[in-house]
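See below for the structure under consideration.
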Amino acid sequence: MELFINSVVHICLLLGIGYYFITAMQWYSYRLERVVFHYNRYDWHLYFFLFPLIGYYLLEGIFLHLLAIVFIALLAFWYQKNDKKLVWTARIKRFFLFLILATLFQDLLCFVYDACQKFGIIIPLAIAQLLSMVFEKILFESYKKEASQTLMHRPELKVIAITASYGKTSIKNFLAQILSKKFSVYKTPRSVNTLGGIIKDINTDLPKNCEVYIVEAGARARGDIDEIAKLVNPHIAIVGRVGEQHIEYFKTLENIRNTKMEIIHSSRLQKAFVHESAHVQPRLEIVSFGSDVTRVVATLEGLEFDMIIDGAEEHFTCNLLGDFNAINLAASIHVARELGMSLDEIKQAIHNLKGVEHRLQKIEAGGKLIIDDSFNGNLEGMLSSYQLASSHKGRKVIVTPGIVESTEEANTILAQTIDKIFDVVIITGKSNASILDLHVRKAQKILLADKSLLQKVLAEQTHVGDLILFSNDAPGFI
């Protein structure tokens, strides 16, 4: 009976630790080095990996049983509070299958040879991870080959690849709306921008009658965009603003810039439109843009700007919010003209543009003006939204975790600007809470560790006539 109970305790602890481990892996794109070296909540590693692991090997009898009960209870509580839960994909199911098979094999050997004082946890977990990595690599290569052949057999399909430190999703959405006035356009959905996501998109969702395929390319390491560029082999490339986003992975701005420029690694590149922040010398196939945008006027009613095209100043208007969108639209204008759209067609399309969800999305509810900018996570864009909010006559409320995966200096600048403009500051998340708390001095501050309480706090702290800005967002693990 005792052996049976110990086996149950072992399996519960192993599956619980395995659940936490694979959840963290999924959050960080299955990159083990990121889970080890770039994790934002190392206290969770202690509670859900290290402590139960050490406790299992040190404790015996009733104390071990209590450890298992407490650990599973804490894990269940953590699961309920977690705002980004594990998604049970085929890959996750395969991992648990490998984990269970490795555990049964190990325990069977222990029973047969009577050689184990304790059933192992690290060995079956390591075997499951190794088998998962090998299996997924083999599967990935077969999917990659299929995607490559799909594009190869469609030479008439025009491929446009977009990257940037920030703004790439907005450029993608704006460009798709503009080009759809003349072409059959398909774009990678939502924020899909990794090699694996793009491969899946090509294999499962790319329409057969599509004329233009717009691909968003993101990166966490040197070579990430190079792999995407070599897969989709774009005819046209866009490099938007280059800045310090994800600086913790790339270490230097030069590394970020070089990684973004991998987008031009295409054997059929016809044109690349590169923002001046990349500091690239223009040549026949590379056009620098940014300085050609002038007289930008952004209000809570919309955006207008001028752009120098063929030596003449052209005027554009739209209902989008945020002056930074003038640059995003400039990139789209260059590509639309490259594909043969007239200026009148482009101007009309821009005038009728719809904003991107969660990017300076304007909502009026209950007498309050809500600006949802929760998908904007860079210093320049966030400061621009604050300037926009400053024109509001009534009280101004901001909900923000600060800038994630950026520098302390950037968050200090952000906090000081927030303090000048906003009356109420609701700080969410832990990663930048101390910096924001230190530099926000005049405004009323609310530190919100549990985002599930946000709705209640907003109901209590905001009034009719207030502007509420949701500035960036971060899941609980950040």
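The values are calculated or read from the model by the stated rules, or taken from the named source; none is laboratory data. Bear in mind that the values here come from a model prediction, so they are computed numbers and not experimental data. Cβ placement follows ideal geometry from the backbone for every residue including glycine, while neighbour counts extend to all protein chains displayed.
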List the pairs whose first member sits in the stretch 287-299 and is under 11 Å from residue 314 (Cα atoms) and in contact (Cβ under 8 Å) with a residue 24 or more places away in the chain, whose second member is of a type in the set (A, V, I, L, M, F, W, C) and surrounded by 18 or more Cβ atoms within 10 Å (Cβ to Cβ), and whose Cβ atoms are under 7 Å apart, counting only residues at least 6 apart or on separate chains?
-> 292/307; 292/330; 293/305; 293/307; 293/326; 293/327; 293/330
Could you grab the pairs with beta carbons closer than 9 Å, sequence gap of 6+ or different chains, first residue in the stretch 187-214 and in the same structural domain as residue 90 (by TED's automatic domain parsing) and under 20 Å from residue 331 (Cα atoms), second one among the hydroxyl-bearing types (Ser, Thr, Tyr) and surrounded by 15 or more Cβ atoms within 10 Å (Cβ to Cβ)?
-> none
So is residue 24 buried (at least 18 other Cβ atoms within 10 Å of the Cβ) and either without any contact (Cβ under 8 Å) to a residue 40 or more places away in the chain or more than 20 Å from residue 85 (Cα to Cα) (or both) or not?
-> no
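Evaluate the following for residue 28: is it modelled with pLDDT of 85 or more and either within 19 Å of residue 120 (Cα to Cα) or assigned by TED's automatic domain parsing to the domain that holds residue 404 (or both)? Don't jump to the end; show me each part of the working.
Numbers: modelled with pLDDT of 85 or more: yes; either within 19 Å of residue 120 (Cα to Cα) or assigned by TED's automatic domain parsing to the domain that holds residue 404 (or both): no.
In short, no.
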Pairing a residue in the stretch 68-95 that is under 26 Å from residue 131 (Cβ atoms) with any residue that is outside any helix (DSSP H, G or I), where Cβ atoms lie under 6 Å and the two sit 6 or more apart in sequence or on different chains, gives 84/475
Does residue 191 satisfy the criteria of being in contact with a Leu (Cβ under 7 Å, 6 or more places away or on another chain) and surrounded by fewer than 18 Cβ atoms within 10 Å (Cβ to Cβ)?
-> no
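Every residue, every condition in (1) small (Gly, Ala, Ser); (2) surrounded by fewer than 16 Cβ atoms within 10 Å (Cβ to Cβ), yes or no:
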| site | (1), (2) |
| --- | --- |
| 393 | no, yes |
| 401 | no, no |
| 405 | no, no |
| 414 | no, no |
| 426 | no, no |
| 429 | yes, no |
| 440 | no, no |
Exactly one of 154, 222 is farther than 30 Å from residue 318 by Cβ and in contact (Cβ under 8 Å) with a residue 12 or more places away in the chain, and that one is 222
What number goes with the only condition from (1) surrounded by 15 or more Cβ atoms within 10 Å (Cβ to Cβ); (2) at pLDDT below 95; (3) touching a Leu at 6+ places or on another chain (Cβ under 9 Å) that residue 94 does not pass?
-> (2)
Only one of (1) among the acidic types (Asp, Glu); (2) touching a strand residue (DSSP E or B) at 6+ places or on another chain (Cβ under 9 Å); (3) in contact (Cβ under 8 Å) with a residue 40 or more places away in the chain is not met by residue 405, so which one is it?
-> (2)
Residue 207: passes all of (1) touching a strand residue (DSSP E or B) at 6+ places or on another chain (Cβ under 6 Å); (2) surrounded by 15 or more Cβ atoms within 10 Å (Cβ to Cβ) but (2)
Could you tell me whether the stretch 306-314 includes any residue that is under 30 Å from the mean Cα position of the chain (by Cα) and either within 30 Å of residue 463 (Cα to Cα) or surrounded by 14 or more Cβ atoms within 10 Å (Cβ to Cβ) (or both)?
-> no
Among (1) among the hydrophobic types (A, V, I, L, M, F, W, C); (2) assigned by TED's automatic domain parsing to the domain that holds residue 212; (3) in contact with a helix residue (DSSP H, G or I) (Cβ under 9 Å, 6 or more places away or on another chain), which single condition is residue 371 missing?
-> (2)
Name the one entry in 281, 270 that is exposed (fewer than 15 other Cβ atoms within 10 Å of the Cβ) and either in contact with a strand residue (DSSP E or B) (Cβ under 7 Å, 6 or more places away or on another chain) or in the same structural domain as residue 407 (by TED's automatic domain parsing) (or both).
-> 270
Is one or more of the residues making up the stretch 153-161 under 20 Å from the mean Cα position of the chain (by Cα), buried (at least 24 other Cβ atoms within 10 Å of the Cβ) and not in a helix (DSSP H, G or I)?
-> yes
Only residues that are of a type in the set (A, V, I, L, M, F, W, C) and in a helix (DSSP H, G or I): list them for the stretch 401-420, please.
-> 410, 413, 414, 415, 418
